[in-house]
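The values are calculated or read from the model by the stated rules, or taken from the named source; none is laboratory data. Here the structure is a predicted model, which is why all the values come from computation and not from measurement. Here the Cβ positions follow ideal geometry from the backbone for every residue, glycine too, while neighbour counts run over all protein chains shown.
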Amino acid sequence: MCALALALAVPGAWAEDQRFENEHYRAEVLMDAGGLLAAVASKATGEALLARMRIYTDFGVYEERGYVGTGGTSCAKLTAEDGTTRLVTVAEGTLQGEPAVGQKAIGYRVETRFDDSPTIHVKATIEPQMDKEEVNGFLALCWSVPAMARWRLRSVEGLLRHTLRPGEAQFGRSYNGEWPLDPVNPLIAATTAQGAELRVENLTSSGVPAFAGPVIHGETIFLLWLGGSPDLVAGKSATLEFDLKVVAPGR
């Protein structure tokens, strides 16, 4: 089955919401989600594997606490290139929120690549513009996995496994970054009750602030740039690049 881009995209052109479908998944990139992935669903089971990818901070970076992140009007420009069996979107903007009004911004650029394979490639870069040399706060790229029932994570200590307990999907923190990811073959896999998976593979990072590791809180997977330790050098940039692989049950 061929991949299908469900919105007209002219190379290099400003774009509206984008939808992409192949034999493995359905996906959406939406302007009101900051030009980031807004949804991924398994074609095999129909389950929601990703909801609302976002980049945000809610404390430490700005003097006041509160959400400053992607969404709403944060995306200043979304471009899309559509081929026969592929779609590439690039979102550029600044994190938005009340605590950041009148303050130095954090810029972002997120490239998302789709093709006829089960893998979605994501490259996310942040560019903090503030004058602070160091910040003890929170800043992350994250997404929810609404159908997650359990997870696996390949760390330096080996393969970790956890099944979410009743209520934990809403409120519990089941992994707090106790062990770093395996630097050679990192893996984060969220599995649904029907056995579909969304895997984070081939994760690499560069720049400042350095990647501080993953956290799994409820049904949300966080990839941290800031996790409570001082970092964030003014005028620098940082990039996370990884594959999201959609896997059908039994594969």
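What to note about this one:
- Among all positions in the stretch 186-203, there is no residue which is of a type outside the set (A, V, I, L, M), over 14 Å from the mean Cα position of the chain (by Cα) and within 25 Å of Val135 (Cβ to Cβ).
- So Val90, is it farther than 17 Å from Met53 by Cα and not polar (S, T, N, Q): no
- Residues of the stretch 108-140 that are assigned to a loop (DSSP other than H, G, I, E, B) and under 26 Å from Gly177 (Cα atoms): Lys132, Glu133, Glu134, Asn136, Gly137.
- Qualifying residue in the stretch 123-132 (condition: within 23 Å of Gly207 (Cβ to Cβ) and small (Gly, Ala, Ser)): yes
- Scan of the stretch 45-77 for residues that are buried (at least 21 other Cβ atoms within 10 Å of the Cβ), of a type in the set (A, V, I, L, M) and at pLDDT 95 or above, ordered by number: Leu49, Leu50, Met53, Ile55, Val68
- The residue that is farthest from Asn22 (Cα to Cα), among those in the stretch 62-87 that are in a strand (DSSP E or B) and β-branched (Val, Ile, Thr), is Val68.
Residues are listed down the side, and each one gets a yes or a no for (1) under 26 Å from Gly66 (Cβ atoms); (2) more than 16 Å from the chain's Cα centre (by Cα); (3) modelled with pLDDT of 95 or more:
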| position | (1), (2), (3) |
| --- | --- |
| Lys104 | yes, yes, no |
| Arg109 | yes, no, yes |
| Asp115 | no, yes, yes |
| Val135 | yes, yes, no |
| Leu141 | yes, no, yes |
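- Residue match in the stretch 121-137 (condition: without any contact (Cβ under 8 Å) to a residue 40 or more places away in the chain, surrounded by fewer than 20 Cβ atoms within 10 Å (Cβ to Cβ) and of a type in the set (Lys, Arg)): no
- So Ala190, is it small (Gly, Ala, Ser), out of contact with any Lys or Arg (no Cβ under 6 Å at 6 or more places or on another chain) and modelled with pLDDT under 95: no
- Some residue of the stretch 88-106 being among the polar types (S, T, N, Q), out of contact with any Gly (no Cβ under 6 Å at 6 or more places or on another chain), on the phi < 0 side of the Ramachandran plot and not in a strand (DSSP E or B): yes
- Within the span defined as the stretch 185-205, every residue fails to be of a type in the set (Asp, Glu) and over 25 Å from Tyr25 (Cα atoms).
- Failed criterion for Leu4 (all others in (1) surrounded by fewer than 22 Cβ atoms within 10 Å (Cβ to Cβ); (2) within 30 Å of Gly195 (Cα to Cα); (3) at pLDDT 95 or above hold): (3)
- Selection from the stretch 26-61 of residues that are of a type in the set (A, V, I, L, M), free of Cβ contacts under 8 Å to residues at least 24 places away in the same chain, within 22 Å of Gln96 (Cβ to Cβ) and part of a strand (DSSP E or B): Ala38, Ala39
- Candidates in the stretch 155-177 are the residues that are assigned to a loop (DSSP other than H, G, I, E, B) and in contact with a strand residue (DSSP E or B) (Cβ under 8 Å, 6 or more places away or on another chain); of these, the one that is modelled with the highest pLDDT is Val156.
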